[in-house]
Every structure is written in structure tokens, then in C-alpha cells.
Amino acid sequence: MSSLLLRIEQHLSRLSEAERKIGEYILKQPEMVPNMTTKDLSKNSGVGESTVIRFCKSIGIGSFKSFKLELVKDITLTDMNLTDFNILHKKDEPYDLFQKVTYVNKAAIEATPASLDRKEFEKAVDVLANANKLVFYGVGGSATAALDGYYKFTKLGYQCVNQHDFHYLLSAIPYLNSESVFIAVSMSGKTKDVLELSRFAKSKGATVIAITNIDKSPLYKEADIILCTPKVEHDYRIGSIPSRMTQLTIIDALYLSVFHSKGESVINQYREARDEVVRLRR
């Protein structure tokens, strides 16, 4: 049992009758809660919606949003700890690991709406829709999401840059301006190369959009727009698995949102590219 679920179990006897119903429901089905609203949880528990907030405060958490983030972190890091070296002490069969990876990735994606601020996301879509140039940058596991963003927004007709070479980007960033956007992807928000390039881009007037963990890291504090992912992995790990899924989910949502606003103007180019793909398959 995770530390948060253990705390709930220990508090049950001290809670009011209504709050106890919420606690008992969460203990039975913790994996369902991160994707719920206060209304959903109150309905499933058979209590009033205001009781959900009182329950969170009774166990020492200020809001339902914070509670969901803490619960997801505990579920993925404690019960399904796949990405650190403790996995070597477990005797899972390959298919068991497949099931666990599926569960962990699903839980991470379902937790993302709880960490992502709606207003920040809408600001990001507006800035991207009006940008003249986009630079996507991430290192390590985050480079996957940066590359995916580069690929998708290139299809929309944007002038995009995605390059692993730090010095190459040092040469490209001086040409950015107030209509340019630097999309920095970093799980920790502390990676030196990401921070240095973000600061350089910002000094040229570009808008910096950070896709990073909800922890208040240097990147979180310095970016113009912050798209937060839930904390679903340790920094010290064997590979980026659930964190990568949260980053890709945000990239996909940004792409579809901008496509929705620009789609009519690029639909002919999409069809032309598709026709060429089909022709080359023959």
C-alpha cells in the first residue's frame, strides 16, 4: 500500500461518516480516482461534493487537485515502480511487465489533466497559432517529445527547428524574434542545456513554452507559459516511460488544437502529401 493510501486508512476512524465513505471508496479503487472530478467522486461515494474538499483537508492536503497528483505519484512510484533499479528485485514474467507498463502509462496520461492548467494551455495554443518559427528542444528521454512536436508542426506548414546539437542552436537562436516560440521539454526542469537555450531564446524576444513537471524547477519559474506534467517518475531511473507519455499527450493536444484553427488553410497540402505517400507505396 502506498504512503497516501496508508495515511487514509489510518485516518478512517477519525473522519466524519461522510468523509469515511470517501476514504473507503478510494482505498477500494485508487486507480479510478485520478481521472475523476469532485462531482464524480462524491457521486460514487454517495456524499455531497463539498465533503470531498473537507476529506482532503482532513488528511492534510489542501485541494482535490493536489490530492490526485499525490495519489498518482504514489501509485506509479510505489505500487508500480517500474523505472528504477528496484525492478531487478522482482520476479515478473515478461507479460506481467507488459501489463504493468500499460497500467502505469495509462495512469500517467489520466493524471495529466490534473496537473495541466487550462489557461496556460489555451495561451500556448494562441501563441503557437500566431508564431512564425518554432524551436523544439529536449535532451535524453524528453528529446522524443521534442522530435514529435517538430514533425507534427512541420506538417502544419511552420518553419520548425529540432536539433540535438547545442552549438547548432546557439547559432540559430539569434534569428528568433517576438513572433518565435521556443518549446522546452524537460521532465526535471533542471537540465543545464535546456535552461541555457531557453534563456537565450527569451533574450531574443521569443516566447518560451515549458513542458515540464509540476515541481517548481528553474525552467518552471523562468518560462513564459508552463504546461505541467504530473510527477510520475524518479529522477534516478532506468529510462523515461510514463513521463514520456505525458509529454507526448501534451504535444498531441497542442498539435490538434492548432490544426483545428488552421486546418482549412493547409488541407490541400495535407492531401497532396498523402497522395505522394500513396503513390510511393505502389
Quiz prompt | Of every Cα-Cα pair in the chain, the percent that sits beyond 24 Å | solution = 57 percent
Exercise. Using packing as a proxy for protection, rank 95-101, 28-34, 69-75, 195-201 so that the peptide with the highest average count of other Cβ atoms within 10 Å comes first.
Key: 69-75, 195-201, 28-34, 95-101
Practice problem: Take each of the peptides 183-194, 249-260, average the number of other beta-carbon atoms within 10 Å over its residues, and list them starting from the highest. | Solution: 183-194, 249-260
Quiz item: What does the charge count near Ser115 come to, summing +1 for each Lys or Arg and -1 for each Asp or Glu among other residues with Cβ under 13 Å from its Cβ?
Solution: +1
Quiz prompt | Computed over region 174-270, the ratio Rg/Rh where both radii use C-alpha atoms and Rh is Kirkwood | solution = 1.03
Quiz item: Hey, if you put +1 on the Cβ of every Lys and Arg and -1 on every Asp and Glu Cβ in the chain, which of Ser240, Leu227, Gly189 ends up farthest toward the positive end of that dipole?
Solution: Leu227
Practice problem: Name the helices (complete DSSP H segments) of the chain with a Cα length along the long axis of 24 Å or more and a Kyte-Doolittle mean of at least -1.0, or state none. | Solution: 94-115, 242-281
Practice problem: Summarise the accessible area of region 190-282 (1.4 Å probe, protein heavy atoms) by the percent that is carbon and sulfur. | Solution: 52 percent
Quiz item: Where only protein heavy atoms count, and the probe is 1.4 Å, what is the accessible area per residue for the chain in Å²?
Solution: 52 Å²
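Suppose the chain between Asp193 and Lys39 were pulled fully straight at 0.36 nm per residue; how much longer would it get relative to their current alpha carbon spacing?
On the way: separation 154, 0.36 × 154 = 55.44 nm, distance 4.27 nm.
Full extension from Asp193 to Lys39 adds 51.2 nm.
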Quiz prompt | Hull shadow area, averaged, region 103-230 [alpha-carbon convex hull, nm²] | solution = 7.4 nm²
Self-check item: Semi-axis lengths (Å, descending) of the ellipsoid that matches the C-alpha gyration tensor of region 86-151
Solution: 34, 17, 9
Practice problem: Would you calculate, for the chain, the mean residue ellipticity at 222 nm contributed by helices, counting each DSSP H stretch of 4 or more residues as -39,500 (n - 2.57) and dividing by all residues, to the nearest 500? | Solution: -18000 deg cm²/dmol
Quiz item: Please identify the GluC sites (Glu not before Pro) of region 106-192 that satisfy two criteria: DSSP loop assignment and at most 16 other Cβ atoms within 10 Å. Which are they?
Solution: Glu179
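Step through the table entries Lys43/Lys65; Lys155/Lys262; Lys68/Lys152; Lys68/Lys123; Lys73/Lys106; Lys152/Lys190, compare each Cα-Cα distance with 20 Å, and write down the pairs that go over it.
Violating the 20 Å Cα-Cα cut-off are Lys68/Lys152; Lys68/Lys123; Lys152/Lys190.
For region 1-65, compute Rg over Rh where Rg is the Cα radius of gyration and Rh is the Kirkwood radius from the inverse mean 1/r over Cα pairs.
My calculation puts Rg/Rh at 0.90.
The values are calculated or read from the model by the stated rules, or taken from the named source; none is laboratory data. A quick note: this is a predicted structure, and the numbers were derived from the prediction, not measured. We place every Cβ from the backbone using ideal geometry, glycine too, and count neighbours over all the protein chains shown. The area values use the complete protein model at the heavy-atom level, side chains included, leaving out ligands, DNA and RNA. Shrake-Rupley method; radii C 1.70, N 1.55, O 1.52, S 1.80 Å.
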